[in-house]
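K.L.:
To start, I am sharing the structure in question, which I have written as structure tokens.
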Amino acid sequence: MVLHKFGEKLYSGLVATMTGHLKEIAKSVEAAQGAEFYRVESQKFIECCDCGDYLKKAERRLNEEIDRVSHYLDPRTEKKITNVVEKEMIENHMLRLIHMENSGLVHMFSDDKYDDLGRMYNLFRRVPDGLSKIREVMTEHIKETGKQLVNDPERLKDPVEFVQRLLDEKDKYDKIINFAFNNDKSFQNALNSSFEYFINLNPRSPEFISLFVDDKLRKGLKGVSEDDVEVTLDKVMMLFRYLQEKDVFEKYYKQHLAKRLLSGKTVSDDAERSLIVKLKTECGYQFTSKLEGMFTDMKTSQDTMQGFYASHPELVDGPTLTVQVLTTGSWPTQSSVTCNLPAEMSALCEKFRSYYLGTHTGRRLSWQTNMGTADLKATFGKGQKHELNVSTYQMCVLMLFNNADRLSYKEIEQATEIPASDLKRCLQSLALVKGRNVLRKEPMSKDVGEDDAFFVNDKFSSKLYKVKIGTVVAQKESEPEKQETRQRVEEDRKPQIEAAIVRIMKSRKQLDHNNLIAEVTKQLQSRFLANPTEVKKRIESLIERDFLERDENDRKLYRDPDVVSLKTRFGSNLESIDDGEYEFVEFICENMVSLGASNLQSIVGDSNILPFYLEQGIANTIGCLQREGCLLRGEHNLLGEAFLVMASVAGIQQQQEVLAWLLEPLSQEWTHSEWQDKYLSEPYGLVYLFSEAQVMWSSFHSVTFFDKALNRSGIKKANWNPENSSTPDSTPINPILIKYFVLSGSCSYFPATSHYTLSLVSICTSNFTWRDPSCNDHE
Amino acid sequence: MQLLIQCCVLWFVSPEGIEALCNDVNVNHTDVRMLIFAWKMKAEKQGYFSKDEWRRGLKCLGADTRPKLKKAIEGLDKELKVPECFEDFYSYAFQYCLTEEKQRSVDIETICELLNIVLKSEFPNQVNLLVEYLKVGKQLFKLIYVQNDYRALNMDQWRSFYRFFKEVDFHDLENYDSSQAWTVIIDNFVEWLKEKEKN
């Protein structure tokens with residue numbers, strides 16, 4: 001009876017215990033057997049299988065065990081059992097599998113074996129260190145193949161091919177990581193660092209990437225859809241990011257862009273602009289401001305040409321002139337060597353020059369005859385008519401043959417004054433290239449010699465009506481050109497390094513050597529990798545010029561010098577300024593003058609530093625000294641000029657800021673009601689104004705600088721609206737106030753001040769549109 | 001030393017007086033002690049001793065008679081035993097060679113002379129090597145464009161020489177770290193020394 005009543009409870013408890021025990025026993029037996037079993041099996045397989053097959057088998061075994069557990073055993077045993085499989089089949093043989101000859105990891109990469117790779121990834125991630133081993137080998141392999149690629153002289157012959165190969169390689173591994181490695185971030189990072197490593201092994205990578213872009217933008221992307229264009233450009237940007245020497249790329253890109261723009265050979269303006277935007281996003285505004293300047297120049301030139309022909313309708317029937325006016329500083333530096341243009345052209349060019357200078361006073365134009373192109377209509381001996389697209393130099397040479405049948409090299413040289421090396425190249429392209437030999441040379445040798453004679457090739461023929469002979473395509477640089485570019489890049493880096501040092505020291509006040517070097521390197525790393533020795537040299541140069549000083553006691557410490565004795569530097573010029581102001585004037589003058597205008601460009605190109613100088617430097621100085629009434633004219637001019645240089649190399653936004661700032665004192669004064677009452681309520685009020693030298697001078701200076709600044713910026717004066725200025729607090733200057741000045745022709749009563757008046761009048765009339773001065777309404 | 005001859009000429013005392021002075025005190029005009037004397041005087045410009053400077057110098061030396069002056073000048077080199085004094089004098093020596101108003105650097109020839117006068121007694125071996133290096137650099141520059149063309153040195157570089165001699169053992173150059181705050185010319189000098197030792 002006891003058994004029946006309590007039996008169930010007792011019995012079920014017993015069953016539970018027994019089952020538990022049995023399970024435990026089963027587990028251990030299974031485990032023990034399993035380990036041995038798998039050890040043997042894995043050994044057997046690894047001897048006879050290749051990597052791929054082995055992995056398949058391992059995977060199968062693993063899946064079998066997992067299956068078995070789910071059917072027969074406690075799910076808690078799964079981990080224990082799979083651990084056994086993993087250890088015996090995978091972990092113990094990892095390295096052997098990876099490095100297996102003819103079928104290991106490297107081979108899987110080469111042959112794009114996504115399945116095998118995926119299997120390996122999934123299996124190896126189960127064991128400690130499994131993935132890192134794969135990653136290691138992948139990194140090494142990519143670096144090795146990459147290194148071979150960038151050092152292979154065959155590949156380097158064709159830059160475009162070279163870069164394409166890089167892109168293909170990246171694509172390949174992107175796919176592998178995507179399909180087989182589950183987009184694992186750590187593998188993506190490993191890929192990036194490997195690429196960064198080997199791309200920078202070849203110092204010509206920046207140049208080649210630029211040439212690749214050039215090829216695409218010239219013809220490669222012709223007819224390609226907008227989306228595909230974006231895809232290609234994004235890929236280029238991805239390679240660009242790997243570059244350590246981004247400033248070298250910028251230099252080449254600028255050169256190539258210039259050639260594309262000037263020869264009109266760009267496939268799509270939108271594509272060009274899209275790439276510039278991408279570069280700007282990546283590197284900041286400084287990188288692209290000059291590039292954008294180039295586009296602006298092209299557009300402005302179009303407008304200028306329209307204006308030119310509109311004002312010279314009689315020229316419509318003659319040869320068509322198209323002039324691109326390039327702002328120095330935005331375009332790659334060129335030596336300006338001119339040649340003798342044919343008479344028809346030089347007359348036309350002169351007309352343009354006077355037209356242009358008539359509307360842009362104070363500028364200097366110099367013709368760049370080595371960069372132009374011409375379209376000539378030619379009729380040959382047998383009556384063949386062709387249109388020849390040639391370079392300016394080639395045009396000069398060909399036009400000579402309108403008046404002569406035979407010309408010797410020397411005669412051509414004398415008549416055109418083209419520099420010898422350019423002339424030889426020019427004649428080569430005209431006489432020695434099959435299908436384009438519009439000239440004939442005697443003797444028929446391969447090279448152009450100084451004793452050669454040239455004739456028109458009457459037998460010239462071409463299937464095309466339009467024949468292109470010009471040579472303005474961007475090419476891989478020759479060795480001497482490459483050296484020159486490299487040298488220019490190094491020179492450009494010096495002021496950038498100096499600016500970084502000055503910037504850092506101004507904010508930290510004092511810093512030890514190693515930290516300074518580290519900070520400078522960090523600041524510059526988005527443009528190039530700073531060489532510590534070069535940074536050291538710049539530090540020493542700055543010490544010599546008193547921008548930096550070494551601590552007296554600790555030679556490893558640098559200081560930003562607080563006050564430096566001005567008197568020893570400037571002597572007696574600044575006697576009237578009290579000691580407190582010395583620091584400002586000193587710093588500003590030294591910065592502007594001794595760093596030089598070109599150095600300035602690199603400092604102010606950085607949008608971070610211009611506000612700094614604006615706020616703390618010049619503005620304060622001038623304002624401060626003006627208030628004290630002791631701003632010497634010399635300094636004002638100096639500072640103002642410096643300011644203008646800064647403004648002219650900064651972008652539109654910066655220029656607006658500078659212009660607004662320059663007008664600030666005027667707008668403050670001229671809108672002030674007291675001031676208006678005193679000076680502008682009646683004509684004689686102006687007498688008082690002009691007799692107060694201080695006020696007069698400052699107004700005069702402000703307006704003069706404003707005028708100069710406008711000129712430099714190229715903003716059309718009639719279109720400048722102070723309300724468009726980006727500084728929120730600037731009061732727009734009232735043009736009507738200016739009119740009062742103009743009306744003060746009555747100030748001819750006061751000869752002492754008439755000089756100022758005339759200057760102001762001329763400036764004001766050219767700067768602002770205003771109503772007929774003869775109408776007398778007050779506003 | 002040329003500069004002393006010049007300053008003797010321009011002294012308010014007659015040139016004969018200066019020669020006599022040098023004879024009397026039995027110190028050669030190229031002796032370092034004359035330079036120390038100039039330092040004591042705080043003479044501002046090479047070749048010019050003003051009345052005030054002369055007075056200051058005499059007062060410093062506590063000399064108002066000839067015999068006292070002679071004794072004082074003879075013992076001047078002891079003045080430099082204190083390191084702070086020496087550093088001050090060392091920097092002064094460079095300053096003294098700056099003749100033009102905005103001049104910042106001194107030509108190599110003068111630097112070498114100055115090194116000999118000022119540092120040779122304490123660091124004879126090092127000075128010889130440095131002078132050799134500087135002169136070699138100058139010669140090379142004449143023949144080919146050498147990247148490290150030092151035709152003139154500035155105060156910072158001058159100062160670094162003394163510090164270098166004081167702190168670095170020439171027999172232990174392996175520990176020299178060019179990523180430290182030494183001037184570039186010192187970095188190059190050490191490289192040159194290492195090369196020299198190999199050969």
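K.L.:
Between beta-carbons, use under 12 Å as the cut-off and find the net charge around residue A:351, counting Lys and Arg +1, Asp and Glu -1. Each step should come with its number before you reach the end.
P.N.:
Values: positive: A:353; negative: A:314, A:344, A:350.
Taking every other residue near residue A:351 into account, the sum is -2.
K.L.:
Here's something else I'd like to know. Quick check: net charge around residue A:318, other residues with Cβ under 15 Å of its Cβ, Lys/Arg +1 and Asp/Glu -1?
P.N.:
Net of charged neighbours comes to -3.
K.L.:
Over the Cα atoms of region A:370-471, how large are the radius of gyration and the largest Cα-Cα distance (Dmax), in Å?
P.N.:
Rg and Dmax of region A:370-471, Cα atoms, are 12.4, 34 Å.
K.L.:
Give me the one-decimal nm value for the distance between modelled label points at residue A:70 and residue A:136, 7 Å along each residue's Cα-to-Cβ direction.
P.N.:
Using points 7 Å along Cα→Cβ, the separation is 3.5 nm.
K.L.:
Which number comes out as Rg/Rh for region A:204-263 once both Rg and the Kirkwood Rh are worked out on C-alpha atoms?
P.N.:
Reported Rg/Rh (Cα atoms, Kirkwood Rh): 0.98.
K.L.:
Still on this structure, I have one more. Rounded to the nearest 0.05, what FRET efficiency is calculated for residue A:197 and residue A:338 with R0 set to 56 Å and r the Cβ-Cβ distance?
P.N.:
0.75
K.L.:
Plugging the Kirkwood radius over Cα pairs into Stokes-Einstein for region A:414-464, at a temperature of 10 °C and a viscosity of 1.306 mPa s, what D comes out in µm²/s?
P.N.:
Rounded, D is 138 µm²/s.
K.L.:
Hey, another quick one. Give me the number: length gained by fully extending residue A:157 to residue A:510, i.e. 0.36 nm times residue separation minus the C-alpha to C-alpha distance, one decimal in nm.
P.N.:
122.1 nm
K.L.:
How big is the gap, in Å, between the Cα center of region A:289-308 and the Cα center of region A:70-121?
P.N.:
63
K.L.:
Using the Cα centre of region A:118-271 as origin and beta-carbon charges of +1 (Lys, Arg) and -1 (Asp, Glu), tell me which of A:208, A:146, A:244 is placed farthest towards the positive end of the dipole.
P.N.:
Value: A:146.
K.L.:
Could I ask something else about it? Considering every residue in B:154-162, what mean count of other chain Cβ atoms within 10 Å of its Cβ is obtained?
P.N.:
Counting other chains' Cβ atoms within 10 Å and averaging over B:154-162 gives 3.
K.L.:
Sticking with this structure for a sec: Across region A:485-555, what fraction of all alpha-carbon pairs, as a whole percent, falls in each successive 10 Å bin from zero upward?
P.N.:
The distribution over region A:485-555 is 19, 57, 20, 3, 0, given as percents.
K.L.:
What dipole magnitude, in Debye to the nearest 20, does region A:372-476 give about its Cα centre under +1 on Lys/Arg Cβ and -1 on Asp/Glu Cβ?
P.N.:
So the dipole magnitude of region A:372-476 works out to roughly 700 debye.
K.L.:
Choose one of A:343, A:333, A:323: the residue whose Cα lies farthest towards the positive end of the charge dipole of region A:294-427 (beta-carbon charges +1 Lys, Arg; -1 Asp, Glu; about the Cα centre).
P.N.:
Of A:343, A:333, A:323, it is A:333.
K.L.:
Is there a simple number for the mean count of other chain Cβ atoms within 10 Å of the Cβ of residues in A:537-544, and what is it? Could the numbers behind the result be given before it?
P.N.:
Values: counts 4, 0, 4, 7, 2, 0, 5, 7.
Whole-number average of other-chain Cβ neighbours for A:537-544 is 4.
K.L.:
For region B:99-198, with equal point scatterers placed on the C-alpha atoms only and solvent neglected, what are the log10 I(q)/I(0) values from the Debye formula at q = 0.11, 0.19 1/Å, to two decimals?
P.N.:
-0.32, -1.00
K.L.:
Modelling each spin label as a point 7 Å along the Cα-to-Cβ direction, I'd like the residue B:88/residue A:420 distance in nm, to one decimal.
P.N.:
Roughly 6.5 nm, to one decimal.
K.L.:
Within region A:325-358, list the residues whose amide N lies under 17 Å from a label point set 7 Å along Cα→Cβ of residue A:312.
P.N.:
Residues A:325-326, A:341-358 qualify, since their backbone N sits under 17 Å from the label point.
K.L.:
Okay, next question. Cα-based Rg (one decimal) and Dmax (whole number) for region A:295-369, in Å?
P.N.:
12.7, 35
K.L.:
While we're on this one: Across peptide A:551-559, what mean number of C-beta atoms from other chains lies inside 10 Å of a residue's C-beta?
P.N.:
Mean inter-chain Cβ contacts per residue within 10 Å come to 2.
K.L.:
Would you please give the FRET efficiency between residue A:465 and residue A:408, computed as 1/(1 + (r/R0)^6) with r the Cβ-Cβ distance and R0 = 30 Å, to the nearest 0.05?
P.N.:
0.45
K.L.:
Quick one: order A:125, A:440 from most to least accessible surface, probe 1.4 Å.
P.N.:
Details: A:125 120, A:440 90 Å².
Largest to smallest exposure gives the sequence A:125, A:440.
K.L.:
Next question, about the same structure. Identify the trypsin sites (Lys or Arg not before Pro) of region A:388-437 meeting these criteria: DSSP loop state and at most 11 other C-beta atoms within 10 Å of the C-beta. Each step should come with its number before you reach the end.
P.N.:
Numbers: sites: A:406, A:410, A:424, A:425, A:434, A:436; in loops: A:434, A:436.
Those that pass, being in a loop and sparsely packed, are A:434.
K.L.:
Here is a follow-up. Go through region A:426-499 and name the GluC sites (Glu not before Pro) that are in a DSSP coil and have 11 or fewer other Cβ atoms within 10 Å of their Cβ.
P.N.:
Here the GluC sites (Glu not before Pro) that fit, given the DSSP loop and packing criteria, are A:450.
K.L.:
Under a plain spin-label model, where a point goes 7 Å from the Cα along Cα-to-Cβ, how far apart in nm are residue B:171 and residue A:494?
P.N.:
4.2
The values are calculated or read from the model by the stated rules, or taken from the named source; none is laboratory data. Since the model is a prediction, treat every value here as computed from it, not as a measurement. Virtual Cβ from ideal backbone geometry, glycine too; neighbours counted across all protein chains shown. Surface accessibility is based on the protein's heavy atoms, side chains included, excluding ligands, DNA and RNA. Shrake-Rupley method; radii C 1.70, N 1.55, O 1.52, S 1.80 Å.
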